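In what follows, a single structure is set out as structure tokens and then discussed.
The values are calculated or read from the model by the stated rules, or taken from the named source; none is laboratory data. It should be emphasised that the depicted structure is a prediction, and the values quoted were computed from it without experimental measurement. All Cβ positions, glycine included, derive from the backbone under ideal geometry; neighbour counts span all protein chains shown. For the accessible areas, the whole protein counts, side chains as well, though only heavy atoms, and no ligand, DNA or RNA atoms are used. Shrake-Rupley method; radii C 1.70, N 1.55, O 1.52, S 1.80 Å.
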Amino acid sequence: SISGTCTYKVKSDGKEHTDEQEGSGSGFVVASNGVIATCAHVVSGAKRIEVKLGEQTYSAKVLVENRKLDLALIQIEANNLPVSAFADSDKVQLAETVRAFGFPLSDVLGTGIKVATGAVAGIVMHPKHGKNIQTDAPINPGNSGGPIVNDSGQVIGVASSKIASSAASSVGFAVPINELSTLMNQNGLTPPPVAQPAKLDGPTLARNVTPTVAFIKVWGTSGGTVYDVDYSATFTESRSFDPRQMRFGGFPM
């Protein structure tokens, strides 16, 4: 057993932690006048937001942020943009094929768009964010905010999180697109209409969806206050053994 004390002494006044940090995520166009959907955790606390759509780069501002749903709407100064097609997420079925569009691990894989294929694995209740669509399509850092689309190229959900554990693999989650439609209506924005297009082959689907998917880069500060501290510690360690384990010729150490 070990027992002891540790004493901390503050050596300086607190100073603001101003180190700038950067991160990235994905998004998709939901209105032709430059409104883009993404996850709240992608843009929350950002001091500066940059959006790359196709070959163009824009500055963006946050319009709406709902942390409970983990959804956000940002806007760039642009018009006549191609708009994502929406599905009715209440009609999503188990085992239907889906594809995740986005920019995962951009610091390693670059900023070219990536498409991962999987299926709807379940409809679950997220402990923080409510109803979610579970998918086995790979969701990695940088996919957050990107569209999860069905085999017609319609968005059924917004990629938001995954379970990262050695005991689980390919367990990703998406916020149902109907939640985003409701959020848009509540804030005076008209969501894209739900249509009934035909199924598309993979390459055609990718060509249709890719122009609507945005790479989002954010800059912000980690926040908080920094203090310099000294510490000292004293402790005592004691060991014991079971006398019944003693043998002639000595005992275990």
Discussion item. If I take the Cα coordinates of the range 75-161 and project them onto the principal axes, what are the three extents in Å, biggest first?
Written reply: 34, 32, 26
Discussion item. For Arg99, what accessible surface area do you get with a 1.4 Å probe? Give it in Å², rounded to 10.
Written reply: 50 Å²
Worksheet item: What is the P(r) of the range 101-213, as percent of Cα-Cα pairs per 5 Å bin from 0?
Response: 2, 11, 20, 23, 21, 14, 7, 2, 0
Worksheet, complete the sentence: Using a 1.4 Å probe on heavy atoms of the protein chains only, the accessible area for Ser238 in Å², nearest 10, reads 60 Å²
Worksheet item: Under 17 Å from the Cα of Lys91, which aspartates and glutamates turn up, not counting those fewer than eight places away in the same chain?
Response: Asp151, Glu179
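What fraction of the DSSP beta bridges in the chain is antiparallel, stated in percent and rounded to the nearest 5?
Details: 70 of 73 bridges.
Once the DSSP bridges in the chain are tallied, antiparallel ones form about 95 percent.
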Fill in: Ordering of 112-122, 135-145, 54-64 by packing [mean C-beta count within 10 Å, highest first]
135-145, 112-122, 54-64
Worksheet item: Which order do Leu205, Leu200 take when ranked by solvent-accessible area (1.4 Å probe, heavy atoms of all protein chains), largest first?
Response: Leu200, Leu205
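How big is D, in µm² s⁻¹, for the range 19-133 by Stokes-Einstein at 10 °C and 1.306 mPa s if Rh is the Kirkwood radius over C-alpha pairs?
Values: Rh = 15.8 Å.
Estimated diffusion coefficient is 100 µm²/s.
Can you quote the Å³ per residue value for the convex hull of the Cα atoms in the range 145-210, rounded to an integer?
Values: hull volume 7.4 nm³, N = 66.
With only Cα atoms used, the range 145-210 gives 112 Å³ per residue.
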Practice prompt. Excluding residues fewer than 8 places away in the same chain, name every one of the aspartates and glutamates whose C-alpha is closer than 18 Å to that of Lys162.
Written response: Asp70, Asp136
Fill in: Cα-centred dipole magnitude for the chain, charges only on beta-carbon of K, R (+1) and D, E (-1), debye, nearest 20
440 debye
Worksheet, complete the sentence: Note, the range 210-217: 3J(HN,Hα) by Karplus (6.51, -1.76, 1.60, θ = phi - 60°), whole Hz, Gly/Pro = x, goes 3, x, 9, 9, 10, 8, 10, 10
Worksheet item: Looking at Val226, Thr182, Val83, which one has the Cα that reaches farthest to the positive end of the dipole of the chain (charges on Cβ: Lys, Arg +1; Asp, Glu -1)?
Response: Val226
Item to complete: Mind ranking His129, His41 by accessible surface for me, highest first, 1.4 Å probe?
Response: His41, His129
Worksheet, complete the sentence: Mean 1/r over distinct Cα pairs of the chain, inverted to a Kirkwood Rh in Å, yields 20.7 Å
Worksheet item: How much accessible area does Tyr8 have with a 1.4 Å probe, in Å² rounded to the nearest 10?
Response: 150 Å²
Fill in: When each of Lys61/Lys217; Lys61/Lys131; Lys47/Lys217; Lys131/Lys199 is checked by Cα-Cα distance, pairs over 19 Å
Lys61/Lys131; Lys131/Lys199
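Determine the order of Cys39, Cys6 by accessible area, beginning with the largest, at a probe radius of 1.4 Å.
These residues rank, largest area first, as Cys6, Cys39.
How long is the gain from Ala164 to Glu237 if the chain were fully straight, where each residue apart is worth 0.36 nm and the alpha carbon distance is subtracted? Working shown, then result.
Values: separation 73, 0.36 × 73 = 26.28 nm, distance 3.70 nm.
Going from the current span to full extension adds 22.6 nm.
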Item to complete: Could you go through the range 52-66 in sequence order and give the Karplus-derived ³J(HN,Hα) for each residue, using 6.51 cos²θ - 1.76 cosθ + 1.60 with θ = phi - 60°, rounded to whole Hz, and x for Gly and Pro?
Response: 10, 10, x, 9, 9, 10, 10, 7, 9, 10, 7, 9, 9, 9, 10
